[in-house]
Amino acid sequence: MTEPVLRVRDLKTYFVTEGGGTARAVDGVSFDLYPGETLGLVGESGCGKTITSLSLLRLIPEPPGHIRPGSLIELEGRNLLTLAPRDLRAVRGNRLAMIFQEPMSSLNPVLTVGDQIAEGAIVHQGLSRRAARARAMEMLQLVGIPDPELRVDDYPHQLSGGMRQRVMIAMALVCHPQVLIADEPTTALDVTIQAQILELLDRLQRELGMAIMLITHDLGVVAGTADRVLVMYAGEVVEGASTPDLFAHPVHPYTEGLLASVPRLDRPRERLSGIPGTVPAASAWPSGCRFHPRCPHAWDRCRQEEPTLFEVGPGHTARCWLVVEPARRRGAAAP
Amino acid sequence: MTEPALVQVEGLVKHYPGDRKWWGLGAPRHLVRAVDGVSFRIAAGKTLGLVGESGSGKSTVARTLLRLTEPTAGRFLLENEDVFRLDPEPLRRLRRRMQIVFQDPYGSLNPRMSVRQTLREPLEIHRLAAGPGREARVRGLLEEVGLDPALAASYPHELSGGQRQRVGIARALSVEPAFLVCDEPVSALDVSVQAQVLNLLADLQQRRRLTYLFIAHDLAVVRHIADEVAVMYFGRIVEHAPAEAVYRLPRHPYTRALLSAAPVPDPAAQPQRIVLQGDVPSPAHPPTGCPFHPRCPHPQKNERCRTERPELREVDPGGGHVAACHFAEAPMS
């Protein structure tokens, strides 16, 4: 198999809380991202998915946060955690780029979109202003903005939400990065605009061959776009599998609960089962398995011993004692 | 649709002045027709789902019905009272009969009031339950929405999003309304919590025989709760029908596109996506003819769509299915 373009091992990002405690927001996350693939990172608010993505770009404010020694973030063979600030800047926005959820607050309101797109090309590739402006227009064309020669001089407030997200994508892709981290790129958008942006990302990935890490709370978006999925809960990856495998044979009760919570258009209308309770606070993860207070199957072992990621099949892992003791599953076994 | 309706809305219009000439001091350049002639009925104990994207006017409908903002024209009968003609005092009394649950459970709770104070205030205003009865009422409301009564002493910042939304629902129920407007009540919540709150709303409706106007952008969420669905685009209802009919055979190409764009959490059953081009039109420059025509993917779209605005008409005699499309009889598959 080809080499992963991004290797993350035992990533731990902790924060000092106001009371002097420690919030273990990301607590030992490992994964590989291969060239050209889309990896979905799914979870609810507070599970650590955004902190994971910010850690990859080393955008964690220090203090109060810090990435623990022993963590590894390796992009194309280089450990980003030991890079000097200057070398890190050469990577960010160049080899590794990111788009954020809220396009309005992530764009500079007093610069034209052309200037903002051109900046990356000037800084990383040494283009002249004139060449960078031409590149900005090319990028606007690429992301499907009509009349790029006019729009290049627009300010962000003159554009609709969907157009702003296209500009964000143009900014991120101007240097043709190897890895694009997309943190909830369509969450603030209407569903018809979301469909446009997802289609755009899919087309650009095929044309430019980059790997995408797609962070989202929406299982529907993941099902339609990702090749593989990681499910996060309470700062940890609790399940990982290929997308078809995860949706057809979820193993972790949290994954099952999430799937049973989603209102469906493709199934008969029935009562949603939901998951009782809420995600705990990062400063006080429960003992043992962090999901046990909300889990319908939990028994003594779950309360006391923390499970590791067990292999349940080829490329399919789950952090659950049920893998070891399947007879403990309550009720009829999942089909 | 001749059964007695608890809620009857006819020709609801809300126009806002657009930006003004002379640096904001002169006459408005144009009118923003946020809601432009919306009519519907909801039978007692039923739910109408009102669906649309940002800017479609669905939240303006909610706010004008409660007269949180004054309508420009139209009529709203609630249990045969003409809400838009009421003077302030009778309107205050009628507010007991209609309540609203907002999207943002944080922004709609007063951060300086405890849960107890939040729930007692409407009881005091409407002089419901006095003395110890009031405390019992607070307790009962918290239990009814699935919260531990011990949370009565908490403040909003101490609660999770789901708990806050339950407090918002309890506050709305405290005055025993008949009609509840739910404006995107679950869209700010995580999916596992969203399911809990949707179930709660369904249970409360059954127990209290509540009538809901349920506003949302998510068609899958609406399907879980609505008896009928109305789809808004650009200030008007473009399709309205019993829920199953809308989902089974949408007659308006916009409804069809919305349904196809909704993400389906099953990689093996991905829908054939209709990706609409462009954005919702600017209210400053409304399109001629059918307001959807610049984005419409219907293969038979023609000159008529560009010039003549289709009215809502029945497409399925007796079935209560109306749509505003010249080609509603030949819907896109």
Which value, to two decimals, describes the C-alpha radius of gyration of the range B:1-132 once divided by 2.2 N^0.38 Å?
1.27
Only Cα pairs within less than 10 Å get springs; with that Gaussian network setup on chain B, which residue of B:Q300, B:Q272, B:Q205 has the largest fluctuation?
B:Q272
Relative contact order (percent) for chain B, with alpha-carbon contacts under 8 angstrom and 6 or more residues of separation?
19 percent
Could you pull out the pairs from A:K49/B:K14; B:K21/B:K58; A:K49/B:K58 whose alpha carbons sit more than 30 Å apart here?
A:K49/B:K14; A:K49/B:K58
As a Kirkwood estimate from alpha-carbon pairs, the range B:263-324 has a hydrodynamic radius in angstrom of 14.3 Å
Quote the FRET efficiency, to the nearest 0.05, computed for A:E311 versus A:R89 with a Förster distance R0 of 45 Å and r equal to the Cβ-Cβ distance.
0.70
Pairwise centroid distance, computed over Cα atoms, of the range B:164-233 with the range A:267-293, Å
21 Å
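How long are the three semi-axes of the equivalent ellipsoid of the range A:83-226, in whole Å, if each is the root of 5 times an eigenvalue of the C-alpha gyration tensor, listed from largest down? Each step should come with its number before you reach the end.
Numbers: eigenvalues 102, 72, 36 Å².
Equivalent ellipsoid semi-axes, largest first: 23, 19, 13 Å.
Ignoring everything except DSSP H segments at least 4 long, calculate the 222 nm mean residue ellipticity for chain A; use -39,500 (n - 2.57) per segment, divide by total residues, nearest 500. Please report the intermediate quantities before stating the final value.
Numbers: 12 runs with 108 residues, N = 335.
The per-residue figure over chain A is -9000 deg cm²/dmol.
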When B:W22, A:W285 are arranged by how many other beta-carbons sit within 10 Å of their Cβ, fewest first, they go B:W22, A:W285
So what J values fall out for the range A:125-140 if you push phi through Karplus, 6.51 cos²θ - 1.76 cosθ + 1.60 with θ = phi - 60°, rounded to Hz, Gly and Pro as x?
10, x, 5, 5, 4, 5, 5, 5, 5, 5, 5, 4, 5, 4, 5, 4
Please average, across the residues of B:268-274, the number of beta carbons from any other chain that are within 10 Å of each residue's own beta carbon, and give a whole number.
4
Of A:G65, A:G274, A:G257, the one that fluctuates the most in a GNM where chain A has Cα springs shorter than 10 Å:
A:G274
Averaged over every viewing direction, what's the projected area of the C-alpha convex hull for chain B? Give it in nm², one decimal, please.
19.6 nm²
With -39,500 (n - 2.57) per DSSP H segment of 4 or more residues and division by the full residue count of chain B, the 222 nm estimate, nearest 500 deg cm²/dmol, is -8500 deg cm²/dmol
Compute the projected area of the convex hull of the Cα atoms of the range B:45-106, averaged over all viewing directions, and report it in nm² to one decimal place.
5.5 nm²
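Calculate how many DSSP beta bridges within chain A are antiparallel, expressed in % of all such bridges and rounded to the nearest 5. Don't skip to the answer; put the middle values down first.
On the way: 28 of 47 bridges.
About 60 percent, rounded to the nearest 5.
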Report the per residue volume, in Å³, of the convex hull enclosing the C-alpha atoms of the range B:74-127.
111 Å³
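Please report, largest first and rounded to whole Å, the three semi-axes of the ellipsoid equivalent to chain A, where each semi-axis is the square root of five times an eigenvalue of the C-alpha gyration tensor.
Ellipsoid semi-axes (Å, largest first): 37, 23, 18.
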Starting from 0 in steps of 10 Å, tell me what percent of the Cα-Cα pairs of the range B:144-232 lands in each bin.
15, 51, 30, 4, 0
Out of B:R306, B:R127, B:R41, any idea which swings most in a Gaussian network model of chain B, alpha carbons joined below 10 Å?
B:R127
Of all beta bridges DSSP finds with both residues in the protein assembly as shown, what is the antiparallel percent, to the nearest 5?
60 percent
In percent, what relative contact order does the range A:126-229 have, based on Cα pairs under 8 Å that are 6 or more apart in sequence?
24 percent
Relative to the compact globular guide of 2.2 N^0.38 Å, what is the alpha carbon radius of gyration of the protein assembly as shown, as a ratio?
1.01
Under Karplus coefficients 6.51, -1.76 and 1.60, residue-wise ³J(HN,Hα) of the range B:312-329 in Hz, glycine/proline x:
5, 9, 6, 10, 8, x, x, x, x, 10, 10, 8, 10, 8, 5, 10, 4, 6
Assuming 1.306 mPa s and 10 °C, estimate D for the range A:16-173 with Stokes-Einstein, Rh taken as the Kirkwood radius over Cα pairs, in µm²/s.
90 µm²/s
Scoring chain A by relative contact order with C-alpha pairs under 8 Å, at least six apart, yields a percentage of 20 percent
Scan around B:I225 for amide H atoms under 5 Å from its own, H built in the peptide plane at 1.01 Å from N, and keep only partners 5 or more places away or cross-chain.
none
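Every number here is computed from the coordinates shown, using simple stated rules; none is lab data. Bear in mind the structure is a predicted one, so any value in this text is a computation, not a measurement. Neighbour counts run over all protein chains shown; Cβ positions are idealised from the backbone, glycine included.
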